[in-house]
Structures are given as structure tokens and as C-alpha cells.
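K.L.:
This is the structure I have questions about; it appears just below.
The values are calculated or read from the model by the stated rules, or taken from the named source; none is laboratory data. It should be emphasised that the depicted structure is a prediction, and the values quoted were computed from it without experimental measurement. When we count neighbours, we look across all protein chains shown, and the Cβ atoms used for this are built from the backbone with ideal geometry, even at glycine. Remember, those area values only see protein heavy atoms, side chains included, never the ligands or the DNA or RNA. Shrake-Rupley method; radii C 1.70, N 1.55, O 1.52, S 1.80 Å.
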Amino acid sequence: MLSRLWSWWSGQSQSAPVDMNAICQINPNAKGIAVVIANRNTQGRTEKPLQGVIVDRDNMERALKILQFAVVTKTDIGRDEMLSLLTAVATYRNYPHTYQRMVMVFSGHGIKDALCTHDGSVTIDEIKDRFKPADCPKLFFIDACRGRFAMKKDGTTSPLIDYLMAFSTMPDHVSYEDSTYGGYWMSLLSRKLFEDKSIFDVLTIVNADLKKKYPKTQQPALDSALNVGVNLFQEAGCPQSPFLRDDERDSPSTPNGAQRDAHPPPPDAHNPTPDAHPPPHDVHPSPPDVHPPPPKHDVDNGTKQTGNAIREDDIVKIAGCLPEWQTVASKLGMGQLDIESIENNNRTPADQRKSFLRQWIWRDGGAATYEKLSEVLERLSQRGAAERIRGFAQRK
């Protein structure tokens with residue numbers, strides 16, 4: 001009964017069909033269409049809900065919008081809605097002539113050859129089948145487990161053509177996330193998309209950075225049948241990155257990485273060297289001697305003012321002080337469309353407040369300070385909240 005009620009509630013809250021005509025009217029000059037999906041839960045399984053997928057979703061939505069994509073974002077959707085959404089995007093026939101690319105992003109739990117939803121799973125082949133009618137380059141960025149095995153120390157064909165599908169890990173292996181900084185792989189990818197290089201070079205750089213920062217954790221994999229070169233940065237007119245310089249410091253290097261595995265194996269399975277290869281069943285598998293301490297957020301890396309710049313690790317505390325975050329966001333210059341996007345893509349008020357704070361920090365960088373936020377709250381007669389936020393800065 002509970003599972004049926006959950007399925008009904010999820011369907012009622014997220015099953016509205018996508019209006020492709022409206023999307024194209026709002027974004028008439030976009031370079032392409034992008035679908036960003038973040039799924040935290042899987043029904044009837046024992047693993048903990050993922051939190052880093054929300055960070056991945058916000059990172060990729062932000063990056064793709066700046067790269068001039070029309071972006072459709074969904075969170076915690078079911079199997080039927082995912083398939084219907086992908087079908088609608090791939091079969092739509094009235095895209096403006098500027099739409100030359102399709103992108104699908106997924107961050108969440110995965111099993112071998114399938115991505116998990118709250119009510120089941122969608123296979124990779126089903127996803128490929130949905131995109132067969134689309135006559136343009138198709139890019140797939142998937143951050144999810146593909147099996148049960150942790151990495152040890154040691155080409156297929158498809159009727160779908162002209163596509164690229166990048167995975168965060170090898171088949172049958174796990175993928176890691178950090179609840180604050182996002183997926184190990186996708187946190188790097190969202191930043192490297194602003195390199196003036198082909199998508200293949202970008203993914204190669206991400207692979208190299210991942211190997212250097214998080215050795216013996218996961219090996220990204222690439223499935224490509226592209227027939228043309230793709231440089232998203234140049235195609236968007238070389239826009240400025242929303243991430244500050246030396247942004248690698250904002251990537252997940254905490255020893256508390258959690259796996260995106262829907263079926264963890266028994267303890268120590270396929271794990272001959274526990275100190276270098278964490279057991280796949282462990283929700284904190286990354287060994288402390290492999291990763292450096294958690295990094296500071298990029299607004300505090302020396303490239304801009306650092307005295308009062310808001311830190312990523314204070315977001316949860318600050319979010320609890322913002323009951324009317326929409327008014328605060330408006331006072332800080334956030335547009336109504338961005339506010340509505342945050343509301344639509346985050347179910348709970350707590351998630352909405354955290355998403356707003358992250359977007360503000362990304363946009364304003366070092367100018368996003370405790371003092372600036374406190375001043376806005378005082379003007380809104382929320383003096384108690386203002387004082388608490390000033391207290392966070394004083395304890396730094």
C-alpha cells in the first residue's frame with residue numbers, strides 16, 4: 001500500500017508533460033536541447049538516498065544554460081516519465097534551426113546497463129532507442145554505478161548513430177559521489193566544459209584529473225559514434241565560465257565518498273586490497289589515505305575576496321535561516337524565472353533554499369558574503385536571522 005501511495009504521489013507531483021513548443025519559444029536561439037535528470041532514491045532498496053545528485057543537477061543546468069542550451073530539468077522521476085520525456089525531446093520536429101545538439105544528463109543510482117528510478121529502472125538500450133529519430137549529435141553524460149565491483153588494479157555497435165555517451169565508471173563497477181560537492185566525475189566535467197577543446201579532449205582531461213585526484217576509485221568510459229566534431233565552448237561563442245579560477249579546489253576530495261550502487265555486494269567482495277579499494281557495500285568507501293582533506297569552496301580560494309565570502313560548508317546552516325528565501329533571492333538580483341526553476345526542481349523548502357544559495361554563490365563569487373546576506377535580511381526585518389549569519393562568519 002505504501003509503495004502504491006508513493007508511486008501515485010510522485011506521479012501527481014512530477015508527471016506533467018513537457019511542452020516542447022513553449023521551451024522553443026522561450027529559447028528560440030539556443031544551440032540545442034538538454035535534459036538533466038537527478039534521481040536520489042530507488043524504491044524497495046536499502047541504499048541511502050543520494051544528496052550529491054542535487055549538486056550535479058544544479059552544476060550541469062547552470063553550465064548548459066551558459067553554453068546556450070535550452071534545459072529541461074527533472075528530479076526524482078519515475079520510469080514512465082523518464083521515457084516519455086526522452087521520447088518527446090527526441091521526436092519533436094519543430095526545433096529552431098539553431099538547435100544542433102541534444103544532451104542528456106543523468107545523476108543517480110545505477111545497475112548494470114540501466115539507470116534507476118524511484119519505481120524501477122530504464123535500460124541504456126531503451127534510452128538509445130528513444131533517440132534514434134533525432135538527426136543530430138547526441139551527448140549522454142551519465143554519473144551512476146554500472147555494477148557491484150570496486151575498481152581493481154588492473155567496442156560495441158549500436159543501430160543508433162552520431163552520438164556520444166560518457167559514463168563516470170566502467171561497466172560492472174561503482175561510481176562515487178560526495179554529498180556536498182557532487183559526483184567525483186561530474187563535478188570535474190561541469191567545469192571542464194568551458195575548455196576551448198573538442199568534447200573528446202574535454203573528457204580526456206576530466207579522466208586525467210580524476211585519476212590524479214582520486215586514484216584507484218573509478219575509471220570513466222566513453223561510448224561514441226559521433227560523425228562530426230563538437231566543441232560546446234566555441235559553439236556557444238566562448239562564454240565566461242560560472243566557476244572561478246583554480247576551481248579544482250571545489251571538486252570532491254573528501255574521504256567520505258558514497259557509492260551510487262543500487263545493488264551493493266557482500267563485504268570485501270572483489271576487494272583484495274582494502275586500504276586502496278573500499279568495500280562496495282560501504283556508504284563511506286573512499287580510503288582516508290587516498291584523498292586530501294575536504295577542499296574549501298572556490299569563492300574562498302584566493303582568487304577573489306575571502307574574508308567574508310560564504311563557504312560551501314555553511315550552506316545548510318544558512319539555509320535554515322531563510323524561511324522566505326524567494327524574497328531574499330529577489331533582493332539579491334535573482335530573476336523570477338530562476339526562482340521558479342528552483343521551486344519546480346526541488347521538492348522540499350530546505351532543498352530550495354540550498355539550491356538558491358549555491359546559485360547565488362556561483363553567480364557572485366567572492367561578492368556573495370555573509371555581511372551582504374545579513375544586510376538584505378535586516379532590510380526585510382529579519383534581524384534574528386541576520387545576526388545568526390553574522391555569527392557564522394565570526395566563527396571562521
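K.L.:
Can you order the peptides 186-195, 343-352 by their average number of other Cβ atoms within 10 Å per residue, highest first?
P.N.:
Going from most to least packed, we get 186-195, 343-352.
K.L.:
For the peptides 127-134, 90-97, what is the packing order when you average, over each peptide's residues, the other Cβ atoms within 10 Å and list the highest mean first?
P.N.:
127-134, 90-97
K.L.:
Using a Förster distance of 45 Å, how high is the FRET efficiency between Thr87 and Leu380, based on the Cβ-Cβ distance and rounded to 0.05?
P.N.:
Efficiency for this residue pair is about 0.50.
K.L.:
In addition: Cα centroid distance between segment 22-83 and segment 196-217, in Å?
P.N.:
That distance is 23 Å.
K.L.:
Calculate, for Ile205 and Asn29, the FRET efficiency according to 1/(1 + (r/R0)^6) with r their C-beta to C-beta distance and R0 45 Å; round to the nearest 0.05.
P.N.:
0.95
K.L.:
Would you check the accessible area of Phe233, probe 1.4 Å, heavy atoms only, in square angstrom rounded to 10?
P.N.:
Surface accessible to solvent at Phe233 totals approximately 30 Å².
K.L.:
Give the whole-number value, in cubic angstrom per residue, of the convex hull volume spanned by the C-alpha atoms of segment 326-396.
P.N.:
Enclosed volume per residue, from the Cα hull, is 89 Å³.
K.L.:
Sticking with this one: I need the phi-derived Karplus couplings for segment 94-105: 6.51 cos²θ - 1.76 cosθ + 1.60, θ = phi - 60°, integer Hz, Gly and Pro marked x.
P.N.:
Each residue's phi maps through the Karplus curve to give 10, 5, x, 5, 6, 6, 10, 9, 10, 10, 10, 10 Hz.
K.L.:
Rounded to the nearest percent, how much of the accessible area of segment 122-219 (1.4 Å probe, protein heavy atoms only) is carbon and sulfur?
P.N.:
50 percent
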